[in-house]
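Following: one structure in structure tokens, then a few remarks.
The values are calculated or read from the model by the stated rules, or taken from the named source; none is laboratory data. On a predicted model such as this, the values are computed, not experimentally measured, just so you know. Cβ atoms come from the backbone with ideal geometry, glycine included; neighbour counts cover every protein chain shown. For the accessible areas, the whole protein counts, side chains as well, though only heavy atoms, and no ligand, DNA or RNA atoms are used. Shrake-Rupley method; radii C 1.70, N 1.55, O 1.52, S 1.80 Å.
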Amino acid sequence: MPEIRNLTMNFGPQHPAAHGVLRLILEMDGEVIERADPHIGLLHRGTEKLAENKPYNQSIGYMDRLDYVSMMCNEHAYVLAIEKLLQIAPPVRAQYIRVMFDEVTRILNHLMWLGAHGLDIGAMTMFLYCFREREDLMDCYEAVSGTRMHATYYRPGGVYRDLPEMMPQYEVSKWRSEKEVKKLNENRSGSLLDFLQDFVDRFPACVDEYETLLTDNRIWKQRTVDIGIVTPERALELGFTGPMLRGSGVVWDLRKKQPYEIYRDLDFDVPVGTNGDCYDRYLVRVEEMRQSAKIIGQCINWLKANPGPVILEDPKLVAPDRESMKGDMESLIHHFKLFTEGYCVPEGEAYAAVEHPKGEFGIYLVSDGANKPYRVKARASGFAHLSAMNEMVQGHMLSDVVAVIGTMDIVFGEVDR
Amino acid sequence: MSKKNKVLLAILADTLGERLVCSSDALREVTIEILSNDLLSIMRLLKETETLQFHQLIDISAVDYLDYGKGDWQTHSASSDGFSRGVGSTRLSDNTEDSRRFCVVYHLLSVEHNFRLRVKCYLSEQSPRLDSVAGIWAVADWYEREAFDLFGILFDNHPDLRRILTDYGFIGHPFRKDFPLEGYVEVRYDPEKGRVVNQPVSIEPRTLVPKVIREEDWLHSSKPQSEVEDA
């Protein structure tokens, strides 16, 4: 009788299916997982400590880099926390712009997730399809903020600037002929809102395309149905939020239950699953993309009809525009003070949470009345989800670990902070 | 004060009675403070009481109150040399009460009743330890490991209190206020030894913007956030 013992396997941190820098120590009996011990922190950058050593506005950019596939949503929570402490509310137009970009971000995030999740468990085409649509949304980010990813667009008191009247155009080059460029620029002739409207109109058909490839696909179902089942009670105890919680059948969405900005005026549905397995979470996220497109459509209509300011006109909080700074002494002083010292936030503490594409993303801010936050704590949904890894993969096969990592929608920027 | 928070505060006062050190409703968020000895029993109550049902632990975060309310730049100490920027590498005097140096902050959420609650528990500098709530909410496991790793707070009866975010073999608790921002050691690859080595940091501490505390009165001129009831 040969001696049989468990095998300990090291998974990651450079494994492509580990979605970044996850190191998993797997204890296996044959191919069945007995225990999984995730080692995290390989991407720990001390964001919270850095933010505690900078004036408030200088940390907005750090928030982008937490969950680096849903940038503006992270900013949103941080900016909301500051606004809560300052007791201010941005202009309504800014709120609509924020909501619109939150939903753009949700689609961006879910497309990235769908592509990577598909790729992990054998659906190569998904990745290519998803990135095709992601490109358009990235262009929206670029048009509005100048960067394709780390936007730093939301500011306390509103958003940095109004939506552009023109979309950036493709230019003829060695690689792109005139005919090609003309075709690419077709839907870019109008403003950003026109471009987004065009996107929202054709996006549901794109989601249909993804669904034809996956939803009834035999292989896809074999890999996801009944994998990583979490009961609703357990999901709550494990701190699940967002699609992970809804996949288990708990109807909980901050946009509906504790609405922030103007979500209460919008019409959308919250999809929930029934079995709490990977397949249900997939269905929930796909439906969320459709709902996001619906929300964006409503925001576009409102924004087209209602021009107005997008940031508070408070010189102590918001930098004056360039023109007045050049001609007006007061504005110059305000500008100087804002950029050398920042603004002081009244003493107190606040927790602001948003329905981030991955779950509840919250910022707990403690201020002692200084120009820098005393304590910033980012509540990242991925951290809580990953802590349930051991429980979710026990008794599953090694290949299912990849499916579970995929379904959690892990991004290490936010897990490690 | 919103109606919902009033209800929550009333229920809390009812259930916890004298064990409630203090409670407040600021910025439409309910905060209660409790003693570390009562932590476990209170947390159980909060989760199991029918009228509260805090089934979700959203977050645990530690706060180090060492430098609270101390600015770098004391503008009243002007002299013939002008203002001092006051941001040397030396530490300011530590005058925080030892018994309230650390605070562990729990954020709870009740999905059933749509309540949010913040529970604060102060700990002394000498013995920053309290009971683990990992037996009540499974997610606390990692949150407590994080608080232990970054702040050195010890959780009794935690199933597996290891470091989580910092490197293997890391020394110190980096998010404490007396831990310098640039740290103590840096790593580099040593081609002679053929491995990664630790060495003292070579970067100089530098403060670009000093911490200033000002009483701002302009805030009240901006329009207040509309008081909206949560649905």
Of A:374, A:351, the only residue that is crowded, with 24+ Cβ neighbours inside 10 Å and either at pLDDT below 90 or not polar (S, T, N, Q) (or both) is A:351
Within segment A:65-83, of all residues that are in a loop (DSSP other than H, G, I, E, B) and not aliphatic (A, V, I, L, M), the one most open to solvent (accessible area, probe 1.4 Å) is A:65
Tell me whether segment B:63-70 contains one or more residues that are open to solvent by 30 Å² or more (accessible area, probe 1.4 Å), over 21 Å from residue A:84 (Cα atoms) and at pLDDT 85 or above. no
Would you be able to say whether some residue in segment A:193-206 is polar (S, T, N, Q) and open to solvent by 50 Å² or more (accessible area, probe 1.4 Å)? no
Filtering segment B:1-23 down to residues that are assigned to a loop (DSSP other than H, G, I, E, B) and surrounded by fewer than 17 Cβ atoms within 10 Å (Cβ to Cβ) yields B:1, B:2, B:21
Just wondering, is there one or more residues in segment A:56-64 that are closer than 25 Å to residue A:307 by Cα, of a type in the set (D, E, K, R) and open to solvent by less than 10 Å² (accessible area, probe 1.4 Å)?
no
Condition set within 11 Å of another protein chain (Cβ to nearest Cβ) and among the aromatic types (Phe, Trp, Tyr), scope segment B:135-155, selection farthest from residue B:177 (Cα to Cα): answer is B:137
Within segment A:303-314, the residues that are surrounded by fewer than 18 Cβ atoms within 10 Å (Cβ to Cβ) and outside any helix (DSSP H, G or I) are A:306, A:307, A:308, A:309, A:313
(message) For segment A:229-239, check the following and say yes or no: at least one residue is crowded, with 16+ Cβ neighbours inside 10 Å, closer than 20 Å to residue B:143 by Cβ, acidic (Asp, Glu) and at the interface with chain B (Cβ under 9 Å from one of its Cβ atoms).
(response) yes
Among helices (runs of 4 or more DSSP H) entirely inside segment A:191-240, those with 3 or more residues being closer than 30 Å to residue A:307 by Cα and out of contact with any Gly (no Cβ under 6 Å at 6 or more places or on another chain) are A:192-214
Note: among A:245, A:254, A:266, just one is under 25 Å from residue A:144 (Cβ atoms), crowded, with 17+ Cβ neighbours inside 10 Å, in contact with a strand residue (DSSP E or B) (Cβ under 9 Å, 6 or more places away or on another chain) and within 14 Å of another protein chain (Cβ to nearest Cβ), namely A:254
Contact list, first residue from segment A:315-332 and more than 14 Å from chain B (Cβ to nearest Cβ) and part of a loop (DSSP other than H, G, I, E, B), second anywhere and at pLDDT 85 or above and open to solvent by less than 60 Å² (accessible area, probe 1.4 Å), beta-carbon distance below 6 Å, six or more apart or interchain, is A:319/A:335; A:319/A:338; A:320/A:331; A:320/A:334; A:320/A:335
For residue A:134, the lone unmet condition from (1) over 16 Å from residue A:289 (Cβ atoms); (2) open to solvent by less than 70 Å² (accessible area, probe 1.4 Å) is (1)
Check: residue A:181: β-branched (Val, Ile, Thr) and in contact with a Lys or Arg (Cβ under 8 Å, 6 or more places away or on another chain), yes or no?
Finding: no
When segment A:174-196 is checked residue by residue, the ones that are free of Cβ contacts under 8 Å to residues at least 24 places away in the same chain and of a type in the set (A, V, I, L, M) are A:181, A:184
Of the residues in segment B:24-51, those that are within 14 Å of another protein chain (Cβ to nearest Cβ) and either open to solvent by 30 Å² or more (accessible area, probe 1.4 Å) or farther than 14 Å from residue B:133 by Cβ (or both) come to B:24, B:25, B:26, B:27, B:28, B:29, B:30, B:31, B:32, B:33, B:44, B:48
If we keep only residues of segment B:156-184 that are closer than 21 Å to residue B:68 by Cα and at the interface with chain A (Cβ under 8 Å from one of its Cβ atoms), then the residue most open to solvent (accessible area, probe 1.4 Å) is B:181
When restricted to A:60, A:4, A:25, the only residue away from chain B (no Cβ under 14 Å) and free of Cβ contacts under 8 Å to residues at least 24 places away in the same chain is A:4
Q.
Tell me yes or no: at least one residue of segment A:40-48 is open to solvent by 60 Å² or more (accessible area, probe 1.4 Å) and away from every other protein chain (no Cβ under 14 Å).
A. no
